[in-house]
1. Counting only residues 5 or more places away or on other chains, whose amide H sits under 5 Å from the amide H of A:Phe254 once H atoms are built in the peptide plane?
2. Taking square-rooted eigenvalues a ≥ b ≥ c of the alpha carbon gyration tensor, is region A:4-258 rounded, prolate or oblate, where a/c under 1.5 means rounded and, failing that, a/b exceeding b/c means prolate?
3. Using a cut-off of 15 Å between beta-carbons, work out the net charge of the residues near A:Leu283 (Lys and Arg +1, Asp and Glu -1, A:Leu283 not included).
4. Taking the Cα centre as origin and putting +1 on Lys and Arg beta-carbons and -1 on Asp and Glu beta-carbons, what dipole magnitude results for chain A, to the nearest 20 debye?
5. Taking H as built 1.01 Å from N, whose amide H comes closer than 5 Å to the amide H of A:Phe182, not counting residues under 5 places away?
6. Mind listing the phi-derived Karplus ³J(HN,Hα) values for region A:27-41, rounded to whole Hz, using 6.51, -1.76 and 1.60 with θ = phi - 60°, and x for any glycine or proline?
7. Counting each DSSP H run of 4 or more residues in chain A as -39500 (n - 2.57), what helix-only mean residue ellipticity at 222 nm follows after dividing by all residues, to the nearest 500 deg cm²/dmol?
8. Using +1 at the Cβ of each Lys and Arg and -1 at the Cβ of each Asp and Glu in chain A, identify which of A:Ala187, A:Ser243, A:Gln303 lies farthest towards the dipole's positive end.
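Every read-out reported here was derived from the displayed coordinates using simple, explicitly stated rules and does not represent laboratory data. These numbers were taken from a predicted model, which means no experiment stands behind them. When we count neighbours, we look across all protein chains shown, and the Cβ atoms used for this are built from the backbone with ideal geometry, even at glycine.
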Amino acid sequence: MPLRLYNSMSSQVDEFRPLSDNEVRMYACGPTVYDYGHIGNFRTFVAVDILRRVLVQSGYKVRHVMNITDVDDKIIRNAARDGVTVQQYTAKYEKTFLEDAAMINIEEPILVRATEHIQEMSEFVRRLVEKGIAYRAEDGSYYFRIAKFPQYGKLSKKDFSGMLDGARVDVDDYDKDSARDFALWKAPKPGEASWETPIGRGRPGWHLECSVMSMEELGESFDLHAGGEDLLFPHHENEIAQSESLTGKPFAHFWFHARFLLVEGEKMSKSLGNYFTLRDLVLKGHKPSSIRYLLASVPYRNQLNFTFDGLKQAAVSVERLRNFRLRLSSGNFPAGANPDMQRLASETTDRMREALNDDLNTAQAQAAIFEMVRQANAAFDTGAIRKDDVAPLLAALAKFDEIFAVLDDDDVPKMKRVLDWARAEGREKDISAALREAVQAGELSDSAIESKIAEMKAARASRDFKTSDRIRAELTDAGILVEITKDGIRWRRK
RNA sequence: GGCGCGGUACCCAAGUGGUAAGGGAGAGGUCUGCAAAACCUUUAUGCGUCGGUUCGAUUCCGACCCGCGCCUCCA
């Protein structure tokens, strides 16, 4: 039951087999670090993270490389606006991007930065010029001549045959030979960041970065290249053109594209007022685990409608799973094993595996785990779960969480970091009451809570429900949920 | 205009040529000193509209309506 993935190159779901036996070499286009990351960015990165985790769970060794684009027009412009160097400017946003990714449990790939590979990029251009594929314009910029790459358009399924005869098209701004020829290297403009290289002074074009860094880290041919759906054309098309015309070998074998999300049914945009960074959502009091769960719950090739209602629903779903785990791990069970539960656990594991192998169908994997939770809870209520059933059920849950990564409750410390950040940035007014409350629940130490619980137990022993209820209410106000069960009193942070 | 994706219950959202996963929300119930948690029952003869193919279509084909994407910086 091998992994099957949609390949944008073949336009169909194909069986995924890496070029070498056990290792998968994948490259993902990362962020341009000019601002805080928004939830659309993170939809894509969560999708790639899930792919990576599925590959690891399948037993592959994964070499996952992601670039940080730390020089481009926007960065240069914003840095100038703020009166800082490009390096100072990008350092801040690279850091915040990585913090945000970690906040929603995205495992960190091997990072490569454009500005650390300038010489290699110039060398790449030089070799393309030598082959007659690239040419230098009068201003010192270099362009790729797409007429030299007849397969141009094979990824995006566009027909450029009309341009392959080298027909000259007049373009106002540049002295390109053809309108479609794209920039490999940009000559410096006054005041812009630029580097001295053997091909002249300037800076790399965006497409060039990814070709150079991916091949350097992964070889001339590698397994999979990922990115947002918008990158399919021209970015990835151009990467293919540059790379394959230079090496004469196939570049990436699989092309993985994540679809854009909608926010409240509309395209996310600043003008519509539905543009949210990850931090905006946490400031509103939403948990990182809710955000990750929602982003992961719709298969990556479908449009995901991101809504605040959905975010609340995601929070409840995560709670339900966490509750189930707590129930299993804290309950008392009679000795022995129940074959039904053993079977339930293994069938669920299989169903999740099948769902994920089917082009990462996360929705079906979730359906499988909830089916197990419901049945196991029902068995729990009738006392049908035995001691030896607990481990396999927890193992199935752990398999689920190896992919979804939402069960461990570290939301509060993460939210506290965002709160501290907002204060440090002078954004006090953006901190919601919900966030303050959530963080407050984390201020009460475990031992302080335990002593309150002990008081409750003592009061209940003498049937002093009034005192017990008062303490419970206090804890509830402090954001601690207290549950009285037949196995004793259980608590957790909301 | 060219190319592509989608329209499934109150909301989110899978899926299939043979009669609709899962989650949330709502209603009723069980349990409970009360809560909480959990479980049970219940909520689409119906899957954008209209035709066609078929023994049979939500699933295939066609037209139309609506939403969205790429074609230019964009995850």
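1. A:Leu224, A:His225
2. On the way: a/c = 1.86, a/b = 1.17, b/c = 1.60.
Judged from the Cα gyration tensor, region A:4-258 comes out oblate (a/c at least 1.5, b/c at or above a/b).
3. On the way: positive: A:Arg279, A:Lys284, A:Lys287, A:Lys414, A:Lys416, A:Arg417, A:Arg423, A:Arg427, A:Lys429, A:Arg436; negative: A:Glu99, A:Asp100, A:Asp280, A:Asp411, A:Asp420, A:Glu425, A:Glu428, A:Asp430, A:Glu437.
Charge balance near A:Leu283 sits at +1.
4. Numbers: 70 positive and 77 negative charges, 270 e Å.
About 1300 debye.
5. The list, which skips near neighbours in sequence, is A:Phe144, A:Ile146.
6. Once θ is set to phi - 60°, the couplings for region A:27-41 become 10, 10, 6, x, x, 8, 8, 10, 6, 5, x, 9, 5, x, 4 Hz.
7. Values: 16 runs with 234 residues, N = 494.
About -15500 deg cm²/dmol.
8. Toward the positive end, the furthest listed residue is A:Gln303.
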